[in-house]
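Step one of this worksheet: look at the structure below.
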Amino acid sequence: MNNFLSLDDVSDPMAFAREAIELKKNPLADMHLGRGKMLGMVFFNSSLRTRMSVQKAAFNLGIQTMVLNVGGDLWTLETQDGAVMNGKAAEHIKEAVPVMANYCDILAVRCFPGLENRDIDSEEKILTAFATKSGKPVVNMESATLHPLQSLADLITILEHQPKPRPKVVLSWAPHIKPLPHCVSNSFSQWMNKADVEFVITHPKGLELGTKYTKGAVIEHDQRKAFEGADFIYAKNWSSYNDYGKFMDAPEWIIDAEKMAWTNQARFMHCLPVRRNVEVADDVLDGPHSIVVKQAANREFATQRVLKELLKELK
Ligand code: CP
């Protein structure tokens, strides 16, 4: 594995997730592997879980970290080719990435979409610049279209809690107060389509995700039908994909205890952060079937499995 940019970088996602679960038994067993190595973490956007779990995973492997916040402790970066740099950005990504690569053995980047132009977001300009101009392994910490570290943690969590060999997993759209990216849902769909699960996506009409990501999943517009027999409910908001970035309001899609009662005592999942009583009711998040905190904890071991693999490339 040269990079961890998407599911495509993992040959056997189920085996990879099981290996991550094995790491939990003795998280510090491989501390020698990363001795003398430096991970540069570059954030164009805010984060709680990713920021902390990636640093913790690096610590477990003996890797040192440098954390940079673009526009904060790092110059605002220009990303457009041919830009006349007479605005806010003081440095171009063309110089910044190879300079950062001088000091780091692995680079990780978070770069959200603009949600204004689907073609531009699909190009993944920033992630691609890191992957092509650094000459170092690059980890996607959530990009314009995908969030594979989250999806690996999600798969780990499902494997740990599944009540039967081929559980029914339902990705349900949930309401929000503003338009959100598709990264988590795209990535989750890709990983579930490769996992040993029955995968169903439910959302209001008009909120179809890109078929590039969902191909293979059952799409059910009736939320109740989708929830029936479900072993896992995964809630996530996303804006329109076809009318790209458009906000859609459907408060009746909130996930509450009444809807969870339609399921097979499903475990409740969400990548977090979550808007309580907008996306999901308190009674679900605070109830006995919520595994959102365990899911977040698994971010550490998902990343540790990825970094362990990338360290092999540095020898
Ligand atoms: N789920 C997730 O990536 O959380 P953060 O945005 O807080 O990193």
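Per-structure values
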{"item": "Nearby lysines by direct alpha-carbon distance to K312 (threshold 18 angstrom, same-chain neighbours under 8 apart not counted)", "result": "K37, K136"}
{"item": "Loop-located trypsin sites (Lys or Arg not before Pro) in region 210-240, at most 15 other Cβ atoms within 10 Å (DSSP)", "result": "K215"}
{"item": "Within straight-line cross-link reach of K178, lysines at Cα separation under 20 Å, skipping those fewer than 8 residues along the same chain", "result": "K205, K236, K246"}
{"item": "Fully extended contour minus Cα-Cα distance, from N117 to K164, at 0.36 nm per residue", "result": "12.8 nm"}
{"item": "Low-density loop positions, GluC sites (Glu not before Pro), region 108-154 - DSSP coil, at most 10 other Cβ in 10 Å", "result": "E116"}
{"item": "Cα-projected label distance for N45 with E198, points at 7 Å along beta-carbon direction, nm", "result": "3.3 nm"}
{"item": "Estimated distance in nm for a label pair at H32 and E228, the labels positioned 7 Å out from Cα along Cα-to-Cβ", "result": "5.8 nm"}
{"item": "Where Rh is the Kirkwood radius over Cα pairs, Rg/Rh for the chain", "result": "0.97"}
{"item": "Dipole moment magnitude, nearest 20 debye, region 1-98 about Cα centre, only Lys, Arg, Asp, Glu C-beta charged", "result": "500 debye"}
{"item": "Links that overshoot a 31 Å alpha carbon limit, given the list K125/K168; K94/K308; K25/K215; K56/K212; K133/K308; K24/K125", "result": "K125/K168; K25/K215; K56/K212; K24/K125"}
{"item": "Centroid-to-centroid separation of region 248-315 and region 139-158 [C-alpha atoms, Å]", "result": "12 Å"}
{"item": "Neighbour net charge for G216 - beta-carbon separation under 12 angstrom, K R +1, D E -1", "result": "+2"}
{"item": "For the chain, calculated [θ]222 nm from helices alone, where every DSSP H run of n ≥ 4 adds -39500 (n - 2.57)", "result": "-10000 deg cm²/dmol"}
{"item": "Cα-centre dipole for region 117-221 with unit charges at Cβ (Lys and Arg positive, Asp and Glu negative), debye to 20", "result": "80 debye"}
{"item": "Per DSSP, loop trypsin sites (Lys or Arg not before Pro) in region 51-105 with at most 13 further Cβ within 10 Å", "result": "K88"}
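Bear in mind that the values in this text are calculations on the coordinates, not laboratory data. Bear in mind that the values here come from a model prediction, so they are computed numbers and not experimental data. Cβ sites come from the backbone with ideal geometry, for glycine too, and all protein chains shown count toward neighbours.
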